[in-house]
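Shown next, in structure tokens, is the structure this report addresses.
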Amino acid sequence: AQTVLKASHQFPGGKGDIRDEMVQMIARDVAAADVDLEIQIFPGSSLYKPNDQWNAVTRGLLDMTSFPLDYASGRHPEFSATLMPGLVGNFDRAKRLNDSEFMTDIKKVIEDAGAMVIADAWLSGAFASKQGCITSPDTLKGQVIRAAGPAFEEMLVAAGASISSMPSSEIYTGMQTGVLDAANTSSASFVSYRLFEHAKCLTAPGENALWFMYEPVLVSKKVFERLTPEQQKAILAAGEKAEAFFDEEVRKGDQLMVDTYKKAGVEVVEMSKEDYDAWLELAKQSSYKNFAEKVEGGDALIEKALAVQ
Amino acid sequence: MIKAYIRWIGNLSRLFAILSTILIILAMLVVCQMILMRYVFRVATIWQTDFVVFSATAAMFLGAPYVLLKGGHVGVDVIELLLSDKSRARLRLVGAMLGLIFCVIMLAATWVQFHEAWAGNWKHSSVWAPPLWIPLLALPAGFAMLCLQYVAQILVLTTPGMHAVVHDPLAAVPAVSQNQSNVKEYPR
Amino acid sequence: MNVTVSGLLIICALFLLLATGMPIAFALGLAAFVALFLQDGLQIFYILGDTMFSGIANLAYVSIPMFVLMGAAVASSPAGADLYTSLDRWLNRVPGGLVLSNIGACAVFSGMTGSSPATCAAIGKMGIPEMLRRGYPNSVATGSIAAGGTLGILIPPSVTLIVYGIATETSIGRLFMAGVFPGIMLTVMFMAWAIIDCKRKGYEFDARFVRYTLKERLAGLPRILPFLLIIAGTLYVLYGGIATPSEAAGAGALLTLLVVIIAYRLFRFRAVSGIFGSAMRESVMIMMIMAAAELFAFALSSLFVTQTVAAAIADMDVNRWVLMAVINVFLLVCGMFLPPVAVIVMTAPMLFPIITQAGFDPYWFAIVLTINMEVGLITPPIGLNLFVINAIAPTVPTRDILWGSLPYVLVMFLAILILCIFPEIATWLPNQMLGVVE
Ligand code: NA
Ligand code: NA
């Protein structure tokens, strides 16, 4: 009989979100491979809450997920490195990072926990502010910002910002009423939440992007091992194809954001090499330092990532 | 003996209720402190959000046994009203048994969850990163207490001569039973 | 197992469990457990706790106990009575004036709490005895309070709108704004019905012959001041760029407590602990149902029941208004059997994509859904407001309460209809204040 796998993620389904499209593509390709395998997709947290997906996939209760790995950093502190300011920089470097020793270490942790990566994905993000352009660290001083990710919050606090945590759906109202001066989130959210209506300046990812988040497609190892060799091959092939698709589309997404904001009359800037280095210096004193203290072998992990050209 | 058990469990539930109430009050005060720090002093608020969320959530599980004691968890009483006194008592017993079964299941499940968080030293993924076992402890504690409270109710229902306080609708009503003396005479 | 069969089984199991009269929360949880256990076996013990805990461990949900606390503070003090007295001095010469005072007091009170049972209890414990004393029939006295109380979840703040906002990732601040005009509209419609009803039946009560001088009328006004202060203060925190809606709830609760304690000199420990005690009980009741509803929703989704139903509704090749009618009937049926929060947790994520696909405004839909839930609060077999009225007025037979509430149910249907014809009633204010969102 047909084996049915459950795939879960937190992103809107059928609305063109690339992470949803990746999973849909995998489901289509696996079905086309004709290996008695069907993938049911549960988008928009309709099965598991975002944070609960890790436990479920490593236990074999959930078969597949598109998962922001940092969400599991409370259980595996190493994962904080996948949402660490300034560790990636740009898309080409992200690609090189995937085959580096750094990611080999991370993937080892994933596998030991009971899951495996079938498609790598690094998502880029931006900054926007109502006050002015966020470039060097002192441009953020005294602003209330909603940041995405604890390691970022640590660095932003070190830059003298005040943090307000809220779900991304509240950022719009937050910026409008003035609870927030600035926001940091993924490029996709910057477009879909229409923050250009309240932002004065957008800091686009460009060549020196601070914010990157690793959101791979994971498969439960327990489940994978139960599949036939043909089924396993079909899944791996579909994953590889989805990864290539993502790499192409994610760049278009950044361009779409820049165009949208320019059209709305928002100033769009990028960080210069000096700005980026200043942030990196700040990150070294805050997030990197905390990470090295908290995680065994943490400094070595960061060094491996920074060593990638 | 039975009477003593029922009284003791009731008091223990009340103790949990006090703890729960204190956690709610703390959550309220910390929210206000957070707003003040951020809005007036423009400084970073690191621990407040986690604290508020976890204390309020823990409060809900810790308060549940007391709400059971007071019959404050609403249920459907339509069938009950159609029955004779004897069958009604039997139906209540069945309901209490089923409730006990659920609470035992959840006690086991939440204990597993708590124990993993404790043994694995899991933290909440935030800057403050509090250990997860602390808020998670409220779940097995709350469900264990719910089990004990259900046993007490079943004893009440099965021991002749004890009055059952299952689904006393008054208890579900905010402040209906209190402060009656505060209501002023209406001007005519 | 076939999706339809497993879906029917889990629903039947839930009804059987509910029939024993056990708490709704535990019935939902047990039905979900049985379904999940049959599907996944012992493994599910690893996720039951996660599902319940993360179902309610959310900053926005913290506002529920806070908004309940606001209500409890006012309800446990003489504030409710004062509000009601002041209104009566102005309205006592209108036919059915006392009914109007009740509905008006419910509406004002709704601005201070997110909960309908709290509204019902706060105004009802004063209003019902007074109406009965002045000779209003049982059904008129209890029906108007049961219905007026439902305004608690329509006029912001609102527990159900918070739950909807989280379930559908829509902005809670915006949802609150969308509720303002529909809330006022429904209040006016309730009042209009009360006047028509009392005129039609020719009720003449002692109150009509009591005359208040202008001085007496004005003297009552300062007593309303604390309420206006609380509402204005909370609104300022909410929309003045000070805090997010979830945080504003905490500030509102503290503000209300301070105002009530100082204005009414409630410096005794008993009075204050009574406020907290009742707030804790109601919050726990609501949140336990929500946590268990998360478990039930998870089971339904896991068995693919939710997706199958959603696909069936979405695939119906019908006019979008027929679709809206089908959804409304579906919600009404759910609302009759389950409390609002449980219905929203289980259905909102499923209905949301269908609604937006069909081109309906999600904020407008939230209001339609809320009015549907209001109906559920005053219909058997589970109507939280009916339970409250039963407790406040134990001498009034349930039949009278139901007869009294029925006309208001019809008024609510009319309100839904009006909202369908003029969606701007809900969408205008948020669009005006917060800008149009696609
Ligand atoms: Na309200
Ligand atoms: Na109902």
Discussion item. Go through the range A:57-68 and report how many residues are surrounded by fewer than 24 Cβ atoms within 10 Å (Cβ to Cβ) and under 17 Å from the mean Cα position of the chain (by Cα).
Written reply: 0
Fill in: Residue list for the range C:146-158, restricted to those being within 16 Å of ligand 2 (Cβ to nearest atom) and either within 14 Å of chain B (Cβ to nearest Cβ) or within 25 Å of C:T395 (Cα to Cα) (or both)
C:A146, C:A147, C:G149, C:T150, C:G152
Item to complete: Could you please give the count of residues in the range C:90-122 that are more than 9 Å from ligand 1 (Cβ to nearest atom) and in a loop (DSSP other than H, G, I, E, B)?
Response: 5
Discussion item. If the requirement is being within 30 Å of A:V223 (Cβ to Cβ) and either without any contact (Cβ under 8 Å) to a residue 24 or more places away in the chain or within 14 Å of chain C (Cβ to nearest Cβ) (or both), which of these qualifies: A:D138, A:D112, A:D120?
Written reply: A:D112
Discussion item. For the range A:130-147, which positions are touching a helix residue (DSSP H, G or I) at 6+ places or on another chain (Cβ under 8 Å) and outside any helix (DSSP H, G or I)?
Written reply: A:K130, A:G132, A:C133, A:I134, A:T135, A:S136, A:V144, A:I145, A:R146, A:A147
Discussion item. For the range C:399-420, check the following and say yes or no: at least one residue is within 24 Å of C:I172 (Cα to Cα) and not in a helix (DSSP H, G or I).
Written reply: no
Worksheet item: So which pairs qualify, if the first residue must be in the range C:110-133 and at the interface with chain B (Cβ under 7 Å from one of its Cβ atoms) and under 13 Å from C:A73 (Cα atoms), the second must be β-branched (V, I, T) and away from ligand 2 (no atom under 16 Å from the Cβ), the Cβ gap must be under 6 Å, and the two must be at least 6 apart or on different chains?
Response: C:A121/B:V173; C:A121/B:V176
Practice prompt. Residue by residue through the range C:290-312, note down the ones that are under 22 Å from C:Q357 (Cβ atoms), crowded, with 17+ Cβ neighbours inside 10 Å and either within 14 Å of ligand 2 (Cβ to nearest atom) or not hydroxyl-bearing (S, T, Y) (or both).
Written response: C:A297, C:L300, C:F304, C:V305, C:Q307, C:V309, C:A310
Worksheet entry | In the range C:421-438, residue surrounded by the most Cβ atoms within 10 Å (Cβ to Cβ) [restricted to those that are more than 14 Å from chain A (Cβ to nearest Cβ) and either touching a Gly at 6+ places or on another chain (Cβ under 6 Å) or assigned to a helix (DSSP H, G or I) (or both)] | C:A426
Practice prompt. Give C:A366, C:A342 a once-over and let me know the one that is within 16 Å of ligand 2 (Cβ to nearest atom), within 27 Å of C:I184 (Cα to Cα) and surrounded by 24 or more Cβ atoms within 10 Å (Cβ to Cβ).
Written response: C:A342
Worksheet item: Here are some residues: C:Y61, C:Y84. Which one is within 29 Å of C:Y363 (Cα to Cα), more than 14 Å from ligand 1 (Cβ to nearest atom) and of a type in the set (S, T, Y)?
Response: C:Y61
Item to complete: Collect the residues in the range C:371-397 that are within 12 Å of another protein chain (Cβ to nearest Cβ), of a type outside the set (A, V, I, L, M, F, W, C) and within 15 Å of ligand 1 (Cβ to nearest atom), keeping them in residue-number order.
Response: C:N385
Worksheet item: Is it true that some residue in the range C:275-288 is within 16 Å of ligand 2 (Cβ to nearest atom) and closer than 18 Å to C:I24 by Cβ?
Response: yes
Worksheet, complete the sentence: How many residues of the range B:42-59 are facing chain C (nearest Cβ under 10 Å) and aliphatic (A, V, I, L, M)? The answer is 5
Response to the item:
Filtering the range A:150-182 for residues that are assigned to a helix (DSSP H, G or I) and more than 10 Å from chain C (Cβ to nearest Cβ) leaves a count of 9
Worksheet item: What's the number of the condition B:L107 fails, among (1) touching a Pro at 6+ places or on another chain (Cβ under 7 Å); (2) aliphatic (A, V, I, L, M); (3) at pLDDT below 95?
Response: (3)
Item to complete: Filter the range A:260-292 down to the residues that are acidic (D, E) and touching a helix residue (DSSP H, G or I) at 6+ places or on another chain (Cβ under 9 Å), then identify the one that is farthest from B:N121 (Cα to Cα).
Response: A:E267
Practice prompt. Out of C:G183, C:G127, report the one residue that is at pLDDT 90 or above and more than 16 Å from ligand 2 (Cβ to nearest atom).
Written response: C:G183
Worksheet item: Being surrounded by fewer than 22 Cβ atoms within 10 Å (Cβ to Cβ), touching a helix residue (DSSP H, G or I) at 6+ places or on another chain (Cβ under 8 Å), among the hydrophobic types (A, V, I, L, M, F, W, C) and under 16 Å from A:S220 (Cα atoms), is that true of even one residue in the range A:15-23?
Response: no
Item to complete: Sort out which residues of the range C:41-83 are farther than 24 Å from C:M288 by Cα, surrounded by fewer than 24 Cβ atoms within 10 Å (Cβ to Cβ) and within 9 Å of chain B (Cβ to nearest Cβ), and write them in order of number.
Response: C:P78, C:A81, C:D82
Worksheet entry | One residue from C:L28, C:L9 being within 29 Å of B:L91 (Cα to Cα), in contact (Cβ under 8 Å) with a residue 40 or more places away in the chain and surrounded by 16 or more Cβ atoms within 10 Å (Cβ to Cβ) | C:L28
Worksheet entry | Check on A:G60, at the interface with another protein chain (Cβ under 9 Å from one of its Cβ atoms) and either free of Cβ contacts under 8 Å to residues at least 60 places away in the same chain or out of contact with any Gly (no Cβ under 9 Å at 6 or more places or on another chain) (or both) | no
Worksheet entry | Enumeration of residues in the range B:60-82 that are facing another protein chain (nearest Cβ under 7 Å), modelled with pLDDT under 85 and part of a helix (DSSP H, G or I) | B:V78, B:I79, B:E80
Item to complete: Report, by residue number, each residue of the range B:1-41 that is within 11 Å of another protein chain (Cβ to nearest Cβ) and part of a loop (DSSP other than H, G, I, E, B).
Response: B:V40, B:F41
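The values are calculated or read from the model by the stated rules, or taken from the named source; none is laboratory data. Predicted model, so just to flag it, every value in this text is computed and none were measured. With ideal geometry, Cβ positions are generated from the backbone for all residues, glycine too; neighbour counts draw on all protein chains shown.
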